[in-house]
Amino acid sequence: MMIETNACFSRRSSARRGLAVVTVAALLAAQLLGGAVAGPRDQAKRIHDRITGVPPNATTLANMESLIAANRALDAALVATENPAFYTVTLKNFATPWTNEEQTVFAPLNDYTATVIGMVRDDVPFNTALSADLLYTVQANGLPAYSAVNNDHYEQAEANGVDLKAALQPAVQSQLLGIPPAAAAGLMTTRASSAAFFVDGTNRAMFRFTLMAHMCKDLEEVQDITLPNDRIRQDVSRSPGGDSRIYLNNCVGCHTGMDPMTQAFAHYDFDETQNRLVYDASRVDPKYFNNADTFKPGYVTPDDRWDNYWRHGQNRLFGWSPQLPGSGNGAKSLGEELGNSDAFAHCQVEKVFKAVCFRAPRNAADRGKVDQITAGFRANGYKLKQVWAETAVHCMGD
């Protein structure tokens, strides 16, 4: 009997333990489910936090909550974009890494970043970001005027805590920088970008970092050794280390596409003596002839004519616009080529997704949403502010 009683007790104990485990699991599942279907108030706060980086005040939170409850989550997200912190903090941190080779967010406000912020605020078509004769300055008391030779204007504005949402004003870039209107190429020819990517070197840095910032690709990802190599410059060795196979199987992959396009920058330089962007249409900048003896029969740059060899081969998947010729003269027309590609639009949406959702797209639903937002971005005037709002709505349940 004792054995039988103990056996029954053991069975009852096991049943109680099993019930306890099931109960705990049910409670955890309920908690997780509750988080996945957070109410309108929690969703409103999450949207505001993701877009602005600061909590909403009571009035804004109530307004956003009511909009979400009325199935107007996108309108609620657009309310959040009216907060000054979206411009002064979120967008400043979003764009600043594009302005320097270190890709650090810890850099001062500058004309590149300010122009991105202004374009987002004003719904300026963002596909013109690499070609427009546009630059945003800060209109506030006590600031030094914009200067083509230093960054004091922006650094002082940041030090003074100026509200960029209220104070940014559009201006004509070519007038401020003293270059021809045809030479103004949006973000690429801002002073900050010039100082970072036109200084020294061979102007290939401007192409590479623009590719990374606005096409979401580095050169290693776009190598194609199948294209003609007739435009590769003299400074590229055809037998590095005495082995021509390295050139044919590696170097060619980058330079065959890059060199014909970086020819667009042939008249640009950042002069460290003058501390400013210099544009001279009468000559090809001497940096294009650096190390000419490395391979004398190589390509000698005669002008700023560029051609997009990537319209053929594997990189045609960038989705180049059929409305554009794929060639031209100067940085402005190259910026139009890049800015009107499928890859440019998709890259902007993907960057915003990572900034708002704190992660890359991770499943079919995410990827489908990125594609949907990208299509709307292109169809509705390349309004990047709208992309932030739509993405925040997608992630409001995270």
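Taken together, the values in this text are just the output of simple stated rules run on the coordinates, not laboratory data. In this text, all values refer to a predicted model and were calculated from it rather than measured experimentally. Note that we place each Cβ from the backbone using ideal geometry, even for glycine, and neighbour counts take in every protein chain shown.
How big is the equivalent ellipsoid of segment 281-388 along its three axes, where each semi-axis is √(5λ) from the Cα gyration tensor, reported in whole Å from largest to smallest?
Working from the Cα gyration tensor, I get semi-axes of 36, 16, 14 Å.
At 25 °C and 0.890 mPa s, grab the translational diffusion coefficient of segment 191-272 from Stokes-Einstein with a Kirkwood Rh over Cα pairs, rounded to a whole number in µm² per second. List each step's numbers first, then the result.
Working: Rh = 13.6 Å.
Rounded to a whole number, D works out at 181 µm²/s.
Over all directions, what mean area does the Cα convex hull of segment 101-181 project, stated in square nanometres?
5.8
Order of L187, L324 from fewest to most other C-beta atoms within 10 Å?
L324, L187
Under 5 Å between amide hydrogens, which residues at least 5 positions from D307 or on another chain qualify, with H placed 1.01 Å from N in the peptide plane?
When sequence neighbours closer than 5 places are left aside, the close amide H contacts are M261.
Distances longer than 20 Å among the Cα atoms of segment 216-368: what percent of all pairs is that?
Everything past 20 Å amounts to 59 percent.
When the Cα centres of segment 294-372 and segment 248-281 are compared, how far apart do they sit, in Å?
Comparing the Cα centres of segment 294-372 and segment 248-281, I get a distance of 17 Å.
Using Cβ contacts closer than 10 Å as the measure, can you line up Y146, Y112 from fewest to most?
Sorted ascending by nearby Cβ count, the order is Y146, Y112.
Loop-only trypsin sites (Lys or Arg not before Pro) in segment 318-398, please: DSSP not H, G, I, E or B, and at most 16 other Cβ atoms within 10 Å.
R359, R362
Mind jotting down the three principal axis lengths of the chain based on Cα atoms? Whole angstrom, largest first.
If we take the Cα atoms of the chain, the spans are 104, 60, 38 Å.
Over segment 74-158, what is the relative contact order in whole percent, taking alpha-carbon pairs under 8 Å and six or more residues apart?
23
Please list 3J(HN,Hα) in residue order for segment 289-299, calculated via the Karplus relation 6.51 cos²θ - 1.76 cosθ + 1.60 where θ = phi - 60°; whole Hz, with x for glycine and proline.
Running phi through 6.51 cos²θ - 1.76 cosθ + 1.60 with θ = phi - 60° gives 10, 4, 6, 5, 7, 4, 8, 3, x, x, 6 Hz.
At a Cα cut-off below 22 Å, give the lysines reachable from K369, other chains included and same-chain residues fewer than 8 away excluded.
Cα-Cα hits under 22 Å: K45, K217, K351, K354, K383, K385.
Can you give the calculated 222 nm mean residue ellipticity of the chain, where each DSSP H run of n ≥ 4 adds -39,500 (n - 2.57) and the sum is split over every residue, rounded to the nearest 500 deg cm²/dmol?
One gets -14000 deg cm²/dmol as the mean residue ellipticity at 222 nm.
So how tilted is helix 364-379 from the main axis of the chain? Cα-based, degrees 0 to 90, rounded to 10.
Between the helix axis and the principal axis of the chain, the angle is about 50 degrees.
Mind checking which aspartates and glutamates have their C-alpha under 17 Å from K332, skipping anything on the same chain fewer than 8 residues away?
Correct list for K332: D133, D259, D269, D280, D303, D304, D307.
What are the equivalent ellipsoid semi-axes of segment 316-362, built from the alpha-carbon gyration tensor (square roots of five times its eigenvalues), in whole angstrom, biggest first?
27, 11, 6
If you project the alpha carbons of segment 135-219 onto the principal axes, what extent comes out on each, in Å, largest first?
43, 28, 21
Amide H to amide H under 5 Å from R276: which residues, 5+ apart in sequence or cross-chain, H placed 1.01 Å off N in plane?
Sorted by chain and number, the residues that satisfy this are D271.
With the chain treated as a Gaussian network of Cα nodes joined by springs under 10 Å, which of I179, I47, I246 yields the largest mean-square fluctuation?
Checking each option, the largest mean-square fluctuation is seen for I246.
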